[in-house]
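The values are calculated or read from the model by the stated rules, or taken from the named source; none is laboratory data. The structure displayed is predicted, hence computed values, not measured ones. In this analysis, Cβ positions are derived from the backbone assuming ideal geometry, glycine residues included, and neighbour counts consider all displayed protein chains. Side chains are part of the model used for accessible areas, which takes the heavy atoms of the whole protein and leaves out ligands, DNA and RNA. Shrake-Rupley method; radii C 1.70, N 1.55, O 1.52, S 1.80 Å.
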Amino acid sequence: MQFKTKMIPLAGVIAFAFAGVASAQEQVVRIGHVGPVSGSIAHLGKDNENGARMAIDELNSKGVTIGGKKVKFELLAEDDAADPKQGTAAAQKLVDAKVHGVIGHLNSGTTIPASKIYHDAGIVQISPSATNPKYTQQGFKSAFRVVANDGQLGGTLGRYAAEQVKAKKVAVIDDRTAYGQGVAEEFIKGAKSKGVEVVAQQFTNDKATDFNAILTAIKSKNPDVVFFGGMDAVAGPMLRQMKALGINAKFMGGDGICTENLSKLAGDAIGENQVICAEAGGVEQAQKKGMEEFRAAFKKKFNADVQIYAPYVYDSVMVMVEAMKKANSVESQKYLPELQKINYKGVTGNIAFDNKGDIKNGTLTLYTYKGGKREEIAVVK
């Protein structure tokens, strides 16, 4: 049996060797993202995930070098279905995959329990949308958020109800989630601080569709405002049933209801200037052009409009990578100190964190709905 040796030209050997070196020098950096891409608020989870994909694709197209090595970013996306148990399972999966950082989760109810898993594993977490104050009050140095918290959001809405809506009596409903309950409690504090009477407090859950019993009880109290702590998937049907029962009160809520999708879910019950909501974030005049450009690029890439937090997810990825570059390392414990003192100009505005991990000078945007479209009222701090 004869063997024939195939000769490889010397130039080919050298090229192959250099290709191997280049490949060895390229570092794969895994960034995790978790949000509900199944269930009733999947449209919000997908919006967040797309914001992360947009950032990852942009970073890879530009080319990034960290610590002298070319980096290729990979997005490991997990679905938590807005369920705390699934959220902790997703968190553990990302820890096992040895991700270099996590963007998420969307909901406070999943973000808070997951944050302990990331903290214990020494992995940096930036939430683009979880607003319950408890998230950053746990003392976890690895936990950050890029939006204002419920203390700011709910309190601002409570004061707005008194000062601008001129409400004397309010009724409050929440969905018993960490987010819904938290924002409702802060709304009550803000409203009461301005002398507003809370005439009813009712509870539902984040999967409910029938609100006739609680709305009938509220109707008898004749409130000027009904505040709902929860998400748009519940708020839409609630508005329809309010209209059917002849409840003409203003309807207020936090960022969970403050979506482009709310008008579709509520139909003609959205009314004109009847709904007032606040988004935990928002750009002031100087950033408006950049935000408009982002929205246009997002629409072109995904053939979908930004729902709420895609720009904040995008900025979260970018600020995490900026900290890595400053630290010359992709390891959480090494870039964490740089993240703690970061000062980064993002699409959503300037990003810098206080000693708890909350964003400094977080903005809020107040909205209403006219002609079925969300319309900005004001950006406040």
Result of the Cβ filter at 6 Å on region 357-380, keeping first residues that are over 27 Å from residue 336 (Cα atoms) and partners that are charged (D, E, K, R) and surrounded by 15 or more Cβ atoms within 10 Å (Cβ to Cβ), at least 6 apart or interchain, is 365/279; 367/374; 374/260
Among 213, 184, the single one that is within 17 Å of residue 130 (Cα to Cα) and assigned to a helix (DSSP H, G or I) is 184
Being touching a residue at least 12 places away in the same chain (Cβ under 8 Å), in contact with a helix residue (DSSP H, G or I) (Cβ under 7 Å, 6 or more places away or on another chain) and part of a helix (DSSP H, G or I): is that true of residue 208 here? no
inquiry  = Take the conditions buried (at least 20 other Cβ atoms within 10 Å of the Cβ) and touching a helix residue (DSSP H, G or I) at 6+ places or on another chain (Cβ under 6 Å) and apply them to residue 198. Does it pass?
reply    = no
Filter region 357-381 for residues that are surrounded by 15 or more Cβ atoms within 10 Å (Cβ to Cβ) and among the hydrophobic types (A, V, I, L, M, F, W, C); the one that is modelled with the lowest pLDDT is 380
query = Quick check: anything in region 261-271 among the small types (Gly, Ala, Ser), under 26 Å from residue 44 (Cβ atoms) and part of a loop (DSSP other than H, G, I, E, B)?
reply = yes
Flagged pairs (Cβ under 7 angstrom, 6 or more apart or on separate chains; first in region 109-126, in contact (Cβ under 8 Å) with a residue 60 or more places away in the chain and under 20 Å from residue 182 (Cβ atoms); second open to solvent by 30 Å² or more (accessible area, probe 1.4 Å) and of a type in the set (S, T, N, Q)) are 109/177; 114/88
Among (1) modelled with pLDDT under 95; (2) part of a helix (DSSP H, G or I), residue 40 falls short only on (2)
Counting only residues in region 216-258 that are open to solvent by less than 40 Å² (accessible area, probe 1.4 Å) and in a strand (DSSP E or B), the one nearest to residue 272 (Cα to Cα) is identified as 251
Among strands (runs of 3 or more DSSP E) entirely within region 294-381, at least 1 residues that are of a type in the set (S, T, N, Q) occur in 349-351, 364-370
Residue 263: passes all of (1) open to solvent by 60 Å² or more (accessible area, probe 1.4 Å); (2) at negative phi but (1)
Every listed condition ((1) surrounded by fewer than 24 Cβ atoms within 10 Å (Cβ to Cβ); (2) hydrophobic (A, V, I, L, M, F, W, C); (3) assigned to a strand (DSSP E or B)) holds for residue 89 save (3)
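Looking at residue 59, is it of a type in the set (A, V, I, L, M), within 18 Å of residue 313 (Cβ to Cβ) and open to solvent by 10 Å² or more (accessible area, probe 1.4 Å)?
Yes.
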Scanning region 28-56 residue by residue, those within 30 Å of residue 237 (Cβ to Cβ) and open to solvent by 40 Å² or more (accessible area, probe 1.4 Å) turn out to be 37, 38, 39, 40, 43, 46
Subset of region 303-329, residues buried (at least 24 other Cβ atoms within 10 Å of the Cβ) and more than 22 Å from the chain's Cα centre (by Cα), comes to none
Selection over region 122-165 where residues are small (Gly, Ala, Ser), in contact with a Leu (Cβ under 9 Å, 6 or more places away or on another chain) and either in a helix (DSSP H, G or I) or surrounded by 24 or more Cβ atoms within 10 Å (Cβ to Cβ) (or both) yields a count of 4
- Would region 141-149 turn up any residue that is out of contact with any Gly (no Cβ under 9 Å at 6 or more places or on another chain), more than 23 Å from residue 53 (Cβ to Cβ) and of a type in the set (Gly, Ala, Ser)? no
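Within region 104-121, track down each residue that is within 19 Å of residue 336 (Cβ to Cβ), of a type outside the set (Ser, Thr, Tyr), buried (at least 24 other Cβ atoms within 10 Å of the Cβ) and more than 9 Å from the chain's Cα centre (by Cα).
First, pick out the residues of region 104-121 that are within 19 Å of residue 336 (Cβ to Cβ): 104, 111, 114-121.
Remaining after also requiring of a type outside the set (Ser, Thr, Tyr): 104, 114, 116-117, 119-121.
Subsequent filtering for residues that are buried (at least 24 other Cβ atoms within 10 Å of the Cβ) retains 104, 114.
Once the filter is applied, which keeps residues that are within 19 Å of residue 336 (Cβ to Cβ), of a type outside the set (Ser, Thr, Tyr), buried (at least 24 other Cβ atoms within 10 Å of the Cβ) and more than 9 Å from the chain's Cα centre (by Cα), region 104-121 yields only 114.
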When every residue in region 166-180 that is touching a helix residue (DSSP H, G or I) at 6+ places or on another chain (Cβ under 7 Å) and part of a helix (DSSP H, G or I) is compared, the one farthest from residue 346 (Cα to Cα) is 178
